[in-house]
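Colleague: Sharing a structure with you now.
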Amino acid sequence: MSAAKPIEILLVEDSADDAEMTIRALRKRNLANGIVHVRDGEAALEFLHAGDAPPPRLVLLDLKMPKLGGLEVLKRLREDARTRALPVVILTSSKEEPDVQAGYALGANSYIVKPVDFEKFQEAVSTVGLYWLVLNQAPR
Amino acid sequence: MAPMRRIRRDAKTLLLLGLGVVLALGAFSARQFRRDRSAARWVDHTQAVLGALDDYRYALKAAESARRGYVLTGSASDADAHAAAMTALLDDARSLRRLTADNPAQNARAASLEAATRASLELSTRLLARRRAGDVVGATRMVARREVTVVTDRALAAERAMSEEERALLSERRARFERLSRQAEWSLAAGALAGCAGIALSLWLLLRDLGTYERLHRELERTKELLQIVLDNVRSSVYIIDLDGRMLFLNKECARTLGGTPESVAGRSVRDLFPAEQAAEVIANNLRIHAAGRAAEIEETVSSADGLRTYLSFKAPIAPLPAEGPALCGVSTDVTALKDHERRLEAANKELEAFSYSVSHDLRAPLRAIGGFSRIIAEDHAAGLDPEGRRLFGRIIANSERMGRLIDDLLAFSRLGRQELNRTDVDMTALAARAARQCADAEPARSVRLALGVLPPARGDAAMLFQVWTNLLSNAWKYTRPRADAAVEIGGAVEDGADVYWIKDNGVGFDPRHAGKLFGVFSRLHGADEFEGTGVGLALVRRVVERHDGRVRAHGAVGAGAEFRFTLPHGRNA
């Protein structure tokens, strides 16, 4: 409706297909009004640390990305005072235990494995969106 | 060694027995001879008494004839002869009394003999005095007088009685002497005989023992020879090493790797044979094993004649040696090549796992896109498709879902190979019950009769073992679906030191000819339209069981149900 609308979700995802399906799932729940999609970690950091715009309410972060991986992005976010408390949910295909361990160690708020099955995927994404944007009380 | 102890005991017994017999016989013979000698002395004594009696009789006669001669002739020589005879008579009588001091009866007779002698001496003195005074007639008459003859007869009678007694004693004592002599001879002969028998017996026993000893010695030599052959030909280092690192004993191979011969290396310390750091490690290992008091298998990397090599060493503490003290026996085998193979194999395996993981992983994203967009079309653009188009999209979606499951299972399978086992004590009864409940909850409309006994606890990775129960039980649930009276039995027992678990069902079973294919990845005995599944479940079961060093087997027949049994080593700690 207008450019002044606050950004609610930053989707960091290199796969256009996954991004499209994620956005569609959120839209179905009416959660995609303030969503921004970036395609790699560098772009994500630039978006979050460059401007003066208020931070989004949720970051959906993929792990395996070109240039800067998700774990490195998370590390940088937590090192910066502005984004230290920002809710970050890792949304990835990796079920590997070391990735899960590292994600939580670096301060991820959740770790969600993308289900292969589309219906489950859709359900997972909308559940995450609902929880973090509707139920959860984030720090101001 | 029992035979050597017997030989020593035999020798000791024989020696003591022989000494005892010889001493006893010697003592007995000595006593016999002593008794015989004393009997001989008594014979001599009796003969001395008889001799004295003879002398007395002779002197009595001599005194009588000298007296008569003097009375008739009055010659001085007769007077002298008479005096000498009388002195001899008195001496004889006195010595007879002394000689018969031991025999009261004879002594009494000797006393009366002496008395008669003294009486005769007095009478003769008177008679000879009368003749010297010149009274030849009176003296001659006196000689013939009864008074004189009575005295002489009394003396003679006493002498005769004594003689008779002594002669009786003589023959008695002679007989005793003879008897004792014979006895002494016999005991000597018996002693000699016993000695000979003892010597023969000892010789026989010693020869027999010597035979045993020689046989044992030969056997020992043979064993030693065989042991040496084994030691010389074994391609491992065999040695005995003390706690200070000194090589007390070693075989040829051990000496070769240490760059010497058994003779040149024996007695040297690993401190001289290896660089300081390696020697210190070897000695520390040995001390640890000795302190634990238990044999152990360790890997040791040391510089040998073949270069830096890794050895698998089996070392066992042995009883302290008499001269060298506590020590270890070791067998070290060069496993360098084996370790290299193992490392290469491990690396290849890791690479393969990583490859299969990344392949499966990377396949998921496009698959999700295929399934996802197909569904989006089916949901949002269904109006633009005819029924056949919609049906075909349904097939695409179903297949992408199936492929998703295949990839997920493959990923789970590959992850299982890389994951470390987290071993704990596992309550298998609870685990099986939980898996069964999960199966029942998944199909609440069905009624499956479940018999669950008490299962032996296991030692292993609880999450992985739960996967085993889940896969086996979901199979049992799946393949009993056509049965109205579906029944599943879970049991377990301890058999031959292993924990055995089984799951039996009365489902559709399988052709035992294909039993071998059951556990392969993606290998199935049923079509996907008959029974769903990816063919990974049993492969996963086998992988988990084998990673626990166990075994899994399947028994079954078409239409007659299936039985899966798996064994886990009992209470294994690793």
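The values are calculated or read from the model by the stated rules, or taken from the named source; none is laboratory data. Just so it is clear, the model here is predicted, and its values are computed rather than measured. Cβ: placed from backbone, ideal geometry, glycine included. Neighbour counts: every protein chain shown. The area values use the complete protein model at the heavy-atom level, side chains included, leaving out ligands, DNA and RNA. Shrake-Rupley method; radii C 1.70, N 1.55, O 1.52, S 1.80 Å.
Colleague: Going by average Cβ neighbours within 10 Å, how do the peptides B:489-499, A:6-16, B:188-198, B:384-394 rank, with the highest at the top?
Modeller: Numbers: B:489-499: 15.7, A:6-16: 19.9, B:188-198: 13.5, B:384-394: 11.3.
Order by mean packing, descending: A:6-16, B:489-499, B:188-198, B:384-394.
Colleague: What average count of beta carbons from other chains do you get within 10 Å of the Cβ of residues in A:15-26?
Modeller: Numbers: counts 4, 1, 7, 4, 0, 4, 7, 1, 0, 5, 1, 0.
Counting other chains' Cβ atoms within 10 Å and averaging over A:15-26 gives 3.
Colleague: Counting pairs on different chains as well as pairs 8 or more places apart, how many Lys pairs in segment A:1-124 have Cα atoms under 26 Å apart?
Modeller: Lysine pairs meeting the criterion: 14.
Colleague: Continuing with this model, one more query. Can you list, bin by bin at 5 Å, the percent of alpha carbon pairs in segment B:421-574, starting at 0?
Modeller: P(r) for segment B:421-574, in whole percents per bin: 2, 9, 20, 24, 21, 15, 7, 2, 0.
Colleague: Per residue, what accessible area does chain A have, given a 1.4 Å probe and all protein chains present, in Å²?
Modeller: Numbers: 7180 Å² over 140 residues.
On a per-residue basis, 51 Å².
Colleague: Within segment B:201-242, which trypsin sites (Lys or Arg not before Pro) sit in a loop by DSSP and count at most 14 neighbouring Cβ atoms inside 10 Å? Walk me through the intermediate numbers first.
Modeller: Details: sites: B:R208, B:R215, B:R218, B:R222, B:K224, B:R235; in loops: B:R235.
Taking segment B:201-242 and a limit of 14 other Cβ atoms within 10 Å, the loop trypsin sites (Lys or Arg not before Pro) found are B:R235.
Colleague: In addition: Return the percentage of antiparallel bridges among DSSP beta bridges fully within chain A, rounded to the nearest 5 %. Write down the numbers at each step before the final one.
Modeller: Numbers: 0 of 15 bridges.
Percent antiparallel among DSSP bridges in chain A is about 0.
Colleague: Report, in degrees rounded to the nearest 10, the 0 to 90 angle that the Cα long axis of helix B:537-547 makes with the longest principal axis of chain B.
Modeller: The two axes meet at around 30 degrees.
Colleague: Would you mind working out the accessible area per residue for segment B:336-418, using a 1.4 Å probe, and quoting it in Å²? Kindly include the intermediate steps, with their values, before the conclusion.
Modeller: Numbers: 4960 Å² over 83 residues.
On a per-residue basis, segment B:336-418 sits at 60 Å².
Colleague: Based on the alpha-carbon gyration tensor of chain B and its eigenvalue square roots a ≥ b ≥ c, which shape applies: rounded if a/c is under 1.5, prolate if not and a/b is larger than b/c, or oblate? Please list the in-between numbers first.
Modeller: Values: a/c = 7.98, a/b = 4.18, b/c = 1.91.
Since a/c reaches 1.5 and a/b is larger than b/c, the shape of chain B is classed as prolate.
Colleague: Also, I was wondering about something else. For segment A:9-140, what does the alpha-carbon gyration tensor say about shape, rounded, prolate or oblate, given a ≥ b ≥ c as the root eigenvalues, a/c under 1.5 as rounded, and a/b over b/c as prolate?
Modeller: Verdict is rounded for segment A:9-140.
Colleague: Using only alpha carbon positions, build the gyration tensor of segment B:2-203, then give the equivalent ellipsoid semi-axes as the square roots of 5 times its eigenvalues, largest first, whole angstrom. Could the numbers behind the result be given before it?
Modeller: Details: eigenvalues 847, 32, 25 Å².
For segment B:2-203, the ellipsoid semi-axes come out as 65, 13, 11 Å.
Colleague: Given +1 on the Cβ of Lys and Arg, -1 on the Cβ of Asp and Glu, and no further charges, what dipole in debye does the protein assembly as shown carry about its Cα centre, rounded to the nearest 20?
Modeller: For this selection, approximately 4140 debye.
Colleague: Would you mind checking the tilt of helix B:428-442 against the longest principal axis of the Cα atoms of chain B, expressed as 0 to 90 degrees and rounded to 10?
Modeller: 20
Colleague: Right, next: Return the inverse of the average 1/r over all pairs of distinct C-alpha atoms in segment B:39-157, which is the Kirkwood hydrodynamic radius, in Å to one decimal. Each step should come with its number before you reach the end.
Modeller: Numbers: mean 1/r = 0.0671 Å⁻¹.
Result for segment B:39-157, one decimal place: 14.9 Å.
Colleague: Under unit Cβ charges (Lys, Arg +1; Asp, Glu -1), what dipole magnitude, rounded to 20 debye, does segment B:448-513 have relative to its Cα centre?
Modeller: 320
Colleague: For A:I112, B:I376, write out the residues from largest to smallest accessible area, computed with a 1.4 angstrom probe and no ligands counted.
Modeller: On the way: A:I112 45, B:I376 20 Å².
Ranked list, largest accessible area first: A:I112, B:I376.
Colleague: When all C-alpha to C-alpha distances in segment B:347-445 are sorted into bins of 10 Å, what percent of pairs does each bin hold, rounded to whole numbers?
Modeller: 13, 24, 26, 24, 10, 3, 0
Colleague: A further question on this structure: Can you give the accessible area per residue of segment B:2-203, in Å², using a 1.4 Å probe?
Modeller: Numbers: 11750 Å² over 202 residues.
Per residue, segment B:2-203 has 58 Å² of solvent-accessible surface.
Colleague: What is the packing order of peptides B:89-101, B:73-85, taking the mean over residues of other C-beta atoms within 10 Å and listing the highest first? Don't jump to the answer; show the numbers that get you there.
Modeller: On the way: B:89-101: 19.0, B:73-85: 15.7.
Ranked from most to least packed, the peptides come out as B:89-101, B:73-85.
Colleague: Something else: Students sometimes get this wrong: rank B:S447, A:S93 by accessible area, probe 1.4 Å, all chains present, largest first. Each step should come with its number before you reach the end.
Modeller: Numbers: B:S447 90, A:S93 15 Å².
Solvent-accessible surface, decreasing: B:S447, A:S93.
Colleague: Any idea of the total accessible area buried by the A-B contact, 1.4 Å probe, rounded to 100 Å²?
Modeller: Buried area (both sides, nearest 100 Å²): 1700 Å².
Colleague: Express in % the proportion of alpha carbon pairs of the protein assembly as shown at distances exceeding 37 Å. Mind dumping the intermediate values first?
Modeller: On the way: 183638 of 254541 pairs.
When every Cα pair of the protein assembly as shown is considered, 72 percent fall beyond 37 Å.
Colleague: Rounding to the nearest 10 and keeping the result within 0 to 90°, find how far the Cα-based axis of helix B:76-99 lies from the longest principal axis of chain B.
Modeller: In chain B, helix B:76-99 runs at an angle near 30 degrees to the longest axis.
Colleague: Right, here's the next one. By DSSP, what percent of the beta bridges with both residues in the protein assembly as shown are antiparallel, rounded to the nearest 5?
Modeller: On the way: 54 of 73 bridges.
Just about 75 percent of them are antiparallel.
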